[in-house]
Structures are given as structure tokens and as C-alpha cells.
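One structure below.
The values are calculated or read from the model by the stated rules, or taken from the named source; none is laboratory data. In this text the structure is predicted, and so the values were computed from the model without any measurement. Positions of Cβ are generated from backbone atoms using ideal geometry, with glycine treated the same way; all protein chains shown enter the neighbour counts. The area values use the complete protein model at the heavy-atom level, side chains included, leaving out ligands, DNA and RNA. Shrake-Rupley method; radii C 1.70, N 1.55, O 1.52, S 1.80 Å.
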Amino acid sequence: MKDHFFKYMSSEVSKIVLTNSTLRYTHPDKFNDPFDFYPTSNKIGANKFIKRVLSEQASDKKTKKANFKTILNQSHILRSIAFRNITAKMFCVTCFSRTPFSLPMWAHYANNHDGCVIEFRQVSEIEAEKAIQTSSFMQDSFYLVPFDVTYTDERPLVYDENGLTNTTSNGFYSALIKAKSWEYEQEVRVIKTTRSGDFPFNTAQIKAVYIGMKVPNKTALEISAITKEINKNLGLSIKTHKVVMEHNTFKLTSVRF
């Protein structure tokens, strides 16, 4: 299901998402993982990083030398929770999974099976290219273009061995690196470089809704009615499924609702 991604939520939130075509984006320092977007630093690359910072400042050689020593002595600040919390406010995230049938995900993020999962489709290459070329793509695009999360036992660094902070292993990408213990989530993320809040998305990216096995029938019918109304008004074909247990395995599957 590489072309699809799935959002776990409560049944009440699913009604809001479907009705308003909005998703909530949150600063990563508010997530349940204390390591989320919390890069560290070490001695490798430190000198190059400081020199690069100083080169961007207009000052004489003597001043730069004094500033170098000051920054080096205070470099521990880059590993502090205060620095992390400040930089985490520079962008916000909404999270998805590559699977709609994860037992832990249903328990943790879909109200213990009393919630829903909304399936989204990837935008086409043409749509993605058009969106990414827009200067404000990371701020106000209504296309959902997810990035895969990488799982590793090594924390990302503020700067690499060359003192750079904008590579594919740090900077923005630090929000896409998590511990291996979270690997079961099969997470992908959509990121905006703006404040947290509710932002609109392209309703045509919704492909299906999976209703949890503990959702009351009355609520399930309400969710189904919303999807039918969307299909009628926008000419879409969003499917509604009911999640059920497989008979012979510890796996979930779904049937049409």
C-alpha cells in the first residue's frame, strides 16, 4: 500500500475531518515520544559548524576568535530541551501510517478500536511536482505529500561532520528520524513550516474510511452518511469499511459497510 497512507483517530474526530476536510498539525515537542525532533550534537564537526556560523557574521578576526571560544563553551545549549522546544516551533506535523490494520495503532490512536482510520491516496506525480514547485508549498499547500519516517538507534545531529545543518540527516529531516522501537507504526508524516493548527487538505485524496470494530452502529451509520454526502457533492467514490478480526490469525481485516 505504498501509494496509500492512513490516519488513525477517534470516531468523533473522523466526523470533523470528513465534514471540514481539515487535519490537525502539531509541533513535535508535543508528541508522545520525548525524543521526537530532539537532535543532539558531538565534537565531530563542531569546529566547522562554529566557523560557518562566524563566517556569516561581519566582524574582525580578533572578535571572531573570541566569539569562537564563547560559542564552543556554550555548545551544550544545542543539546538542551529549551533549544529543542524553540526549534520545534518552526514547523508542525500530522502523522499517518502505511497500514490500516495495526493492532497497537488501533489501541493507541483510534480509541481502542472505538475510532476510525481514514485512507488517503498519494497525489499523482504531476500534482506533487506542481505543489512542491510552489514557494509556499510547506506552508499552505492543501495537497498531502507524506515523507517516510526512518527508524534507527542513532539520534540525528544538529550538524554533521562537515558542520552542515541542512542535509538529509539533520535539520528538517530530524523530524523524520525515530527510534527503532516505533517501527511498528510504519509512520509517514506531512510537515508544514508554520504554526500548529487545523489546515485544509484536498478532499479528493480520501479513498476510504475504516470503522473500528467497537464503534456503535449508530455512529457508524453517521460516518457512512457523511462519506455518501461527500461522494454525492464532489463526485468521489469514497468507500466505507468495517474492521473485523480474521478467524484463524491475530490479524485484522475489513468488510464493506
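Against the criterion of being part of a loop (DSSP other than H, G, I, E, B), open to solvent by less than 80 Å² (accessible area, probe 1.4 Å) and either in contact (Cβ under 8 Å) with a residue 12 or more places away in the chain or of a type outside the set (Val, Ile, Thr) (or both), Asn85 does not qualify. Look through the range 217-240, keep the residues that are of a type in the set (Gly, Ala, Ser) and in a helix (DSSP H, G or I), and return whichever of them is surrounded by the most Cβ atoms within 10 Å (Cβ to Cβ). This residue is Ala220.
On inspection, Ser196 qualifies as farther than 13 Å from His241 by Cα, among the polar types (S, T, N, Q), in contact with a Cys (Cβ under 7 Å, 6 or more places away or on another chain) and surrounded by fewer than 20 Cβ atoms within 10 Å (Cβ to Cβ). Output the residues belonging to the range 104-139 that are at pLDDT 95 or above, open to solvent by 20 Å² or more (accessible area, probe 1.4 Å) and under 22 Å from Asp198 (Cβ atoms). Selection gives His108, Tyr109, Asn111, Arg121.
Thr194 falls short of the stated requirement of being β-branched (Val, Ile, Thr) and free of Cβ contacts under 8 Å to residues at least 60 places away in the same chain. Given the condition hydrophobic (A, V, I, L, M, F, W, C), open to solvent by less than 30 Å² (accessible area, probe 1.4 Å) and in contact (Cβ under 8 Å) with a residue 24 or more places away in the chain, answer yes or no: does some residue in the range 154-163 qualify? Yes, there is a match, as at least one residue in the range 154-163 is hydrophobic (A, V, I, L, M, F, W, C), open to solvent by less than 30 Å² (accessible area, probe 1.4 Å) and in contact (Cβ under 8 Å) with a residue 24 or more places away in the chain. The condition of being of a type in the set (Phe, Trp, Tyr) and either at pLDDT 95 or above or exposed (fewer than 13 other Cβ atoms within 10 Å of the Cβ) (or both) holds for only one of Phe147, Phe101, Phe142, that being Phe101.
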